[in-house]
Structure formats: structure tokens, C-alpha cells
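Okay, structure first, notes after.
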Amino acid sequence: MWEVIDKKQRPIYRQIMDQVMKNIENGNLDPNVPLPSERKLAVIFQTNRTTVVRALDELRDLGVLISRRGSGRFVNQTEWGRYSVPRVNWRELFSQRYEQIDDSYEKMIEVGKLNPYFLDLFSSEMPTDLLPNVQFPAYSMNEIIEKEQQITCLGYLPLVAKIKNYLIEKFYFDFTKTQLLVTSGGQQAIFLILQTILSSGDAIAVEAPSFFYRLSLFKATGIRLFGVPMDREGIELDKLEVLIKKNKLKAVLVNPNFQNPTGKVMSQKRREALVTLCRNYQLPIIEDDVFSDLSFHDSEKHKPTAIHSIDPENVLYVGSLSRVLGQTTKIGWIVGLRSFIDRLAKAQEMMEFSMSIFPQNVAMTVFEESYSTKIAIVREELYKRSLTLVEWEKTQNFFEVWPIYGGYYAWITWKGQQLTRDIAEELIRSGLGIAPSFLFGEETNGLRINFSRLTEERLPFFQAEMAKLAKRLSV
């Protein structure tokens, strides 16, 4: 009746759904008899319970199954008739590469947030009270139409000029306005680059662990990710070179400043060596640099050179305002060779990704309203909150907080048992949301927290829950 799932085939949850549907059609499942429990099905299919729950929930949403409180799940006898006639299997037609990643853990976080006392250290954004206070002006329709006349394939020209001046002042970039393309955030910038330079099935290298594993855009483009371990200076180049030779990599994608999730900063020496290695193999580097404005060190000696500055011809630089201004301001940019930026701009037009005047004008206002001064205030508050975490580390001897140089993520490691999904979900139910390493492509003893959301008022709760977790994970 039931068969073990072949994990090398289609998505596991879809195979489970197919088996349930097949058993209903064959009359093997009696509407008056509950299906086996989720845990029992997980054992039968040799998969985790979360995947089984997802499959059964989808069948419930389709009306195939119903849930009876305290009794389990049953075939929906009153609705099943409508499924007994021939029908289009839309799930089969829907390309697997456009399916979302398994986000059941994130769904649990969203449910947890409904509790006003839930401590959300999982989210990828700063709390609203930390975002810079920018006053947005009102414009008449005639003013908007006038501003639209200054939009080109590269973006709103006054904004392009503002971003250019900002990058020259901050990183000493040497480029013209035709080498910069405005995009709808950093992720769209990366998606656009991948769609332009790669084909489905091509492989790229990323740091491991990496938040890139959480992005469905790689599955959507059919790009294969290969994780390269990091040491304290950044991506390990000897292991990267092995992957280049073995898997015919087409590009290297790095997040060198306050890497997500570890918070590491790639050393200047490692950046230069990475450029040399990629030059030797003629590999482009995509530099994702969305956290650099949140550095806790202003002195030049603590600010490594942007990789793009080392090799502007072979490095594509991606920046964004989204991390420091929240998701409401989806503005990003790409800096590269003029010939390549032209290709990206044409690709953006073909995909109809070009942006309207409204978000670009918002971004203009940001740069005009003493952006540097306001970001300095944000950095100062983030630094204070990072010290709270550092002080907590000194009160216990199980967890280790990696050095925090900027951004708003902290990477916490330990020596002991592994943080399983079940334990992490128990934390959510207890009121604490964190991001375990298994979300970032690695089964290591590590977890990420967004310390910008950790206030002094919630620190005692955080300490108590982490103490409980330490007991669970200690050998």
C-alpha cells in the first residue's frame, strides 16, 4: 500500500501526495478510517515528519483530506467525488524549478510572531525603530511626469549620479555613470546577472554556510550551488580551486563584508588572492556587498578594499539600500564594465524588470537627507546591541559568539550535539526564533541571530532560553 520514497526523484512531499491520491483512487483508504499518524508515515516513507505534514496539509487545502480534532486525518468523503473525474494535473505541469524551497520552518516563525511576547531573532530585517527616519516629500502628477523623462535603461539619471558619487566617496571607485545599473534590490541584481551570464545547469561557488541557499532564485534559474568552507579570513581558496577544476564552475559569488550568516569579513590578503585565482581561471566574481554601510569601524585600516576596486574588469559589484532601509525601499545597483552593463540593461528591459520613478525617487530623497549622518546613528545603536550579546557570552561557557565587526547578524557556535530541526521548532514554540545552520546549507553546530532585535528588556528571556538549549546540546 505504501512505498519508501525515492529521494533522488521528484520533491519528496509531492511523491507522498501522489501515493495518498493513488491509494484513495484504488479504494485502499476508507473515509471512515484515519490515515496513519504523521510520525508513522514519516517512518514508512523514511523521511522527516515536517515533509509529511507539508504533503498532508496541501492535500487538505485541495479538499482531498480533512482533519478531525483529536482523531487524525481522513479522506474527505463529501468532496472526493469531484476529484474522481479526469482532471489536469497542474502540479505535474508546474516546473519543479519554480517551486519554493521548503519554508515550513519559516512558516512556524510567522505563526510564532502572532504571540506578542515572541522574540524574533530570525528575521532578516532590522526592527522599524532602528531604521533611519527619512521624510519623503509629496509630488504632483506633473512633477512625477517630468521626472519620468529622466529615466533611461540604466535608471533615473539623478539617482544614478547620486549612487555614483556615493560609491566614489566611500570606496574610491573609478567608473562612469554608464557603468552603473539601478535594480529593484540586491537579489534582483544577482538574479539578473545569473540570467545573463549563465545557463540552466551551470555551477557557481558560494561561501558555506551561506544565506544564498535560502534563495529560490537559484532553483528558478537552474543554477547549481557549490559551497566552499571558510576560515577566519574568508573563503578557503585551495578548496575553491579544487571545485573549479572538478565542477567547471562558471562564477564565484561572495558576500565579503559581514557575511550572512557568519558575520565574517574577508581579509584584504584573501580578497587579493581570490582575484588572482579567478583571473587565472577566467572566472567572474560577483561581489554582494549590502552590509558595508553598517561597519562598526570608521578607520581606514579596518576597512578592506572592495573586491571590485582590486579588479574592476572581472568583478561585478552589487549594492543595495534594502538592508539599511527595510524592504519598503527596494533599490539596488550593479557596477561593472560598460559593455556588460549595457547587456544587463537590455536584459532588464526584456524581462520588464525596469523600475518606476516612485522607488527611485524615494532613494533620491534618502541620499539627499544626510544619509551618512543617519546611518551613523543606526550603526551606533547596532554596536550597543552587539555589546549586549558579547556581555551575555561572558556569563556562560557553552556558546561562543564569533567576533562582530558590523551588520546585525551574529554567528553562535558550540561544542556538543547538533541543533536538529525538532529542537529548533521547540524553541519557536517556547517563544524564541533563531536561524539554525541547516537553513544555510550546512549541518554544523552554528546558529544565526539578528541581534538588532535583542533589547535589554528581552535579554533575560533570551538568556533563560539559551541556557535551556545549552543543556539539550551539551554532550
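Scan the range 431-473 for residues that are among the polar types (S, T, N, Q) and open to solvent by 50 Å² or more (accessible area, probe 1.4 Å) and jot them down.
Scanning the range 431-473 gives Thr444, Gln463.
Quick check on Arg279: is it farther than 16 Å from Asn257 by Cβ, in a helix (DSSP H, G or I), touching a Ser or Thr at 6+ places or on another chain (Cβ under 7 Å) and modelled with pLDDT of 90 or more?
no
Just a yes or no: is a residue in the range 197-209 at pLDDT 95 or above, among the β-branched types (Val, Ile, Thr) and open to solvent by 40 Å² or more (accessible area, probe 1.4 Å)?
Looking for residues that are at pLDDT 95 or above, among the β-branched types (Val, Ile, Thr) and open to solvent by 40 Å² or more (accessible area, probe 1.4 Å), one finds none in the range 197-209, hence no.
If Thr388 meets every condition in (1) open to solvent by 10 Å² or more (accessible area, probe 1.4 Å); (2) out of contact with any Leu (no Cβ under 8 Å at 6 or more places or on another chain); (3) part of a helix (DSSP H, G or I) apart from one, which number is that one?
(2)
Starting from residues that are among the hydroxyl-bearing types (Ser, Thr, Tyr) and open to solvent by 10 Å² or more (accessible area, probe 1.4 Å), keep the ones in the range 211-256 and report whichever is farthest from Cys278 (Cα to Cα).
Ser216
Of Asp120, Asp103, which residue is modelled with pLDDT under 90 and surrounded by 10 or more Cβ atoms within 10 Å (Cβ to Cβ)?
Result: Asp103 is the single residue among Asp120, Asp103 that is modelled with pLDDT under 90 and surrounded by 10 or more Cβ atoms within 10 Å (Cβ to Cβ).
Quick check: anything in the range 288-306 at pLDDT 95 or above and in contact with a helix residue (DSSP H, G or I) (Cβ under 6 Å, 6 or more places away or on another chain)?
no
With the requirement that a residue be of a type outside the set (S, T, N, Q), within 24 Å of Ala345 (Cα to Cα) and exposed (fewer than 12 other Cβ atoms within 10 Å of the Cβ), what does the range 124-171 give you?
Ile145 - this is the single residue of the range 124-171 that is of a type outside the set (S, T, N, Q), within 24 Å of Ala345 (Cα to Cα) and exposed (fewer than 12 other Cβ atoms within 10 Å of the Cβ).
Quick check, is Ile377 over 30 Å from Ser104 (Cβ atoms) and assigned to a helix (DSSP H, G or I)?
yes
Would you pick out the residues in the range 282-310 that are among the aliphatic types (A, V, I, L, M) and not in a loop (DSSP other than H, G, I, E, B)?
Ile285, Ile286, Leu294, Ile307, Ile310
For the range 24-57, give me each residue that is open to solvent by 80 Å² or more (accessible area, probe 1.4 Å) and assigned to a helix (DSSP H, G or I).
Selection gives Glu25, Arg39, Lys40, Val43, Arg49.
Only one of these is surrounded by fewer than 17 Cβ atoms within 10 Å (Cβ to Cβ) and of a type outside the set (Asp, Glu): Asn260, Asn280. Name it.
Exactly one of Asn260, Asn280 is surrounded by fewer than 17 Cβ atoms within 10 Å (Cβ to Cβ) and of a type outside the set (Asp, Glu), namely Asn280.
Determine, yes or no, whether Gln9 is at pLDDT 85 or above and not aromatic (Phe, Trp, Tyr).
no
Consider Tyr405 carefully, then state whether it is open to solvent by 50 Å² or more (accessible area, probe 1.4 Å), touching a residue at least 40 places away in the same chain (Cβ under 8 Å), under 22 Å from the mean Cα position of the chain (by Cα) and not assigned by the TED database to the domain that holds Tyr166.
Yes, satisfied.
Taking the residues in the range 315-342 that are surrounded by fewer than 17 Cβ atoms within 10 Å (Cβ to Cβ) and at pLDDT 80 or above as candidates, determine which candidate is nearest to Glu287 (Cα to Cα).
Checked the range 315-342; the qualifying residue nearest to Glu287 (Cα to Cα) is Leu337.
The values are calculated or read from the model by the stated rules, or taken from the named source; none is laboratory data. Quick caveat: nothing in here was measured; it's all calculated off a predicted structure. Virtual Cβ from ideal backbone geometry, glycine too; neighbours counted across all protein chains shown. Only protein heavy atoms, including side chains, enter the accessible area calculation; ligands, DNA and RNA are left aside. Shrake-Rupley method; radii C 1.70, N 1.55, O 1.52, S 1.80 Å.
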